[in-house]
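J.: This structure is in structure tokens; I'll ask about it shortly.
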Amino acid sequence: MADVNRQIVLDRLPQGDKLGPEHFRLTSDAARPAPGEGEVLLRTRYISLDAANRAWMQGATYRSALTSGQVMAGGALAEVVESNVGHLEPGDLVFADTGWQDYAVLPGKRLTKLPPLEPMTHLMSVFGIAGLTAYFGLLECGKPKAGETVVVSAAAGSVGSIVGQIAKIKGCKVVGIAGGADKGRWLVDELGFDVALDYKAGDLRRQMKEAIPEGIDVYFDNTGGDILETCLFAMKTFGRIACCGAVSQYDGAAPPHGPRGVPGLIVTKRLTLRGFVVMDFDDQREKALKDLKSWVASSQIKVQEDIIEGLENTPAALVGLLAGENRGKRMVKVS
């Protein structure tokens, strides 16, 4: 076990610029930390990459805003190396806010042992925050019914790809919005979506009218911006929108305007928009995991993971995620 703790520091915040690897620096001068009373030493195995990593640089959200000079924040699948608490022992796996580094010391009371699972990466994807976000956002916020039309943006991403598959399980017509014909073919041919729309091909409103003239019952929004606006105009009366993220607005300059049609369309179509974060539903976590495990075991959900090797490649991997490089859950293997 190394005595050095490599860390990736957020060297400077992007100021209206797109995020790039140059905003980070890798350091190798920190010593491996030691746990105190009630603490646990963790070794990072896989770092989770999410669009939210970029949103944290813009200000406080459901967590404190990031500042320049600190170790880049992020969740990770980590292994217990040393433990000063009774419920965890060396070799146990936990999901923790370790940040982008080899080792972290955290209070043990905040950590819960994860079940052994192969591949362990499923604990980060379909059985982790991505899968749970898809499950609760669609079923608790969108409340789809069999025969309804469900549209999901960023459909080839970690959350969107699972949302669409759950909607199919529930008997819905599923339309995915993604960038590029290759992703569209993958959504339809491999994941079972009924239709894929390519926002990069232009005139998304026309594409949507041709593909779903009946309109949208449930829209799962991962992007905000122009795609949210297009879907607002296509919603049926009494439609439901689950607001999960706004990846189109996280990177670069602020958009010139919000979605047009707000609040007019919300009122006239009697729409329900609900924002959420996955922690809202912690009391239902066990049921969700039981369902997700059943669907994976029966191949009703196909799991797609995009694994990048090496801590030093984490900045470039996040930049690539924001540019839409990945299919499914992107993560970085550290050890």
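The values are calculated or read from the model by the stated rules, or taken from the named source; none is laboratory data. Note that the structure is a prediction, hence the values are computed from the model and not measured. Cβ coordinates were reconstructed from backbone atoms using ideal geometry, including for glycine residues, and neighbour counts include every protein chain displayed. With ligands, DNA and RNA removed, areas are computed over all heavy atoms of the protein, side chains included. Shrake-Rupley method; radii C 1.70, N 1.55, O 1.52, S 1.80 Å.
J.: Putting +1 on Lys and Arg Cβ atoms and -1 on Asp and Glu Cβ atoms, find which of Y135, M208, V152 reaches farthest to the positive end of the dipole of region 127-229.
T.: It is Y135, whose Cα lies furthest towards the positive end.
J.: Karplus couplings for region 302-318 from phi (6.51 cos²θ - 1.76 cosθ + 1.60, θ = phi - 60°), rounded to Hz, Gly and Pro as x?
T.: Computed from phi, the couplings for region 302-318 are 9, 9, 10, 10, 10, 9, 9, 8, x, 3, 5, 9, 5, x, 5, 5, 5 Hz.
J.: What's the carbon and sulfur percent of region 137-251's accessible surface, probe 1.4 angstrom, rounded to a whole number?
T.: Numbers: 2070 of 4090 Å².
C and S atoms contribute 51 percent here.
J.: Taking the solvent-accessible surface of protein heavy atoms with a 1.4 Å probe, what is the per residue accessible area of the chain in Å²?
T.: 44 Å²
J.: Here's another thing I want to ask about it. Sum -39500 (n - 2.57) across every DSSP H segment of at least 4 residues in the chain, then divide by the residue count to get the 222 nm mean residue ellipticity, nearest 500.
T.: -6000 deg cm²/dmol
J.: Also, quick follow-up: GluC sites (Glu not before Pro), restricted to region 1-50: which are DSSP loop and have at most 14 other Cβ atoms within 10 Å?
T.: When the GluC sites (Glu not before Pro) of region 1-50 are filtered for loop state and at most 14 Cβ neighbours within 10 Å, E37 remain.
J.: Gap in Å between the Cα centre of region 258-335 and the Cα centre of region 36-81?
T.: If we compute the Cα centre of each part, the gap is 17 Å.
J.: Give the accessible area for R327 in Å² (nearest 10); use a 1.4 Å probe, count only protein heavy atoms, and leave out ligands, DNA and RNA.
T.: Roll a 1.4 Å probe over it and R327 shows about 80 Å².
J.: Which of the aspartates and glutamates could a cross-linker span from K145 if the Cα-Cα distance has to be under 12 Å and same-chain partners fewer than 8 positions apart are dropped?
T.: Hits, sequence-local ones excluded: D217.
J.: What distance in nm separates the two pseudo spin-label positions at K145 and K293, each 7 Å out from Cα along the beta-carbon direction?
T.: It is 3.3 nm.
J.: What Kirkwood Rh does region 1-94 have if only Cα atoms enter the pairwise 1/r average? Answer in Å.
T.: After inverting the pairwise mean of 1/r, the radius is 15.0 Å.
J.: What nm distance separates the two modelled labels at M279 and V188, each placed 7 Å from Cα along Cα→Cβ?
T.: Modelled inter-label distance: 4.1 nm.
J.: List the lysines whose Cα lies under 17 Å from the Cα of K333, skipping any in the same chain that are fewer than 8 positions away.
T.: Partners within reach: none.
J.: Now for a different question. Ranked highest first by the average count of other Cβ atoms within 10 Å around their residues, in what order do 144-152, 1-9 fall?
T.: Listed from highest to lowest mean packing, they are 144-152, 1-9.
J.: Compute the convex hull volume of the Cα atoms of the chain, divide it by the residue count, and report the result per residue in Å³ as a whole number. Write out the running numbers ahead of the final one.
T.: On the way: hull volume 44.4 nm³, N = 335.
Taking only Cα atoms, the chain has a hull volume of 133 Å³ per residue.
J.: Also: Could you give me the ³J(HN,Hα) list for region 278-285, computed from phi with Karplus coefficients 6.51, -1.76, 1.60 and θ = phi - 60°, whole Hz, x at Gly and Pro?
T.: Here the 3J(HN,Hα) series is 4, 5, 4, 10, 4, 6, 10, 4 Hz.
J.: Which sequence of Y103, Y199 reflects their accessible areas, 1.4 Å probe, from the largest down?
T.: Descending order: Y199, Y103.
J.: Mind checking the dipole of region 87-168: about its Cα centre, +1 per Lys or Arg Cβ, -1 per Asp or Glu Cβ, Debye to the nearest 20?
T.: 320 debye
J.: Okay, next question. Might you report the magnitude of the Cβ-based charge dipole of region 1-115 about its Cα centre, with Lys and Arg at +1 and Asp and Glu at -1, to the nearest 20 debye?
T.: Dipole about the Cα centre, nearest 20: 320 debye.
J.: Next question. As a test of reading the structure, rank C244, C231 by solvent-accessible area (1.4 Å probe, protein chains only), most first.
T.: The residues order as C244, C231, largest area first.
J.: Then there is this: Quickly work out the Q15-to-T27 label distance, labels modelled 7 Å from Cα along the C-beta direction, and quote it in nm with one decimal.
T.: 2.2 nm
J.: Tell me, what % of the accessible area of region 78-131 is carbon and sulfur with a 1.4 angstrom probe? Walk me through the numbers on the way to the answer.
T.: Numbers: 1270 of 2380 Å².
Roughly 53 percent of what the probe reaches on region 78-131 is carbon or sulfur.
J.: Could you list log10 I(q)/I(0) for region 153-290 at q = 0.14 Å⁻¹, which the Debye formula gives when each Cα is one point scatterer?
T.: -0.67
J.: Still on this structure, please answer the following. Taking R0 as 30 Å, what's the FRET efficiency between M1 and T61 from their Cβ-Cβ distance, rounded to 0.05?
T.: Efficiency at R0 = 30 Å is approximately 0.30.
J.: Provide R63, R110 ordered by accessible surface of protein heavy atoms (probe 1.4 Å), highest first.
T.: My answer, sorted largest first, is R110, R63.
J.: Quote the convex hull volume per residue of region 1-160, based on C-alpha atoms, as a whole number of Å³.
T.: In region 1-160, the Cα hull volume divided by residue count equals 153 Å³.
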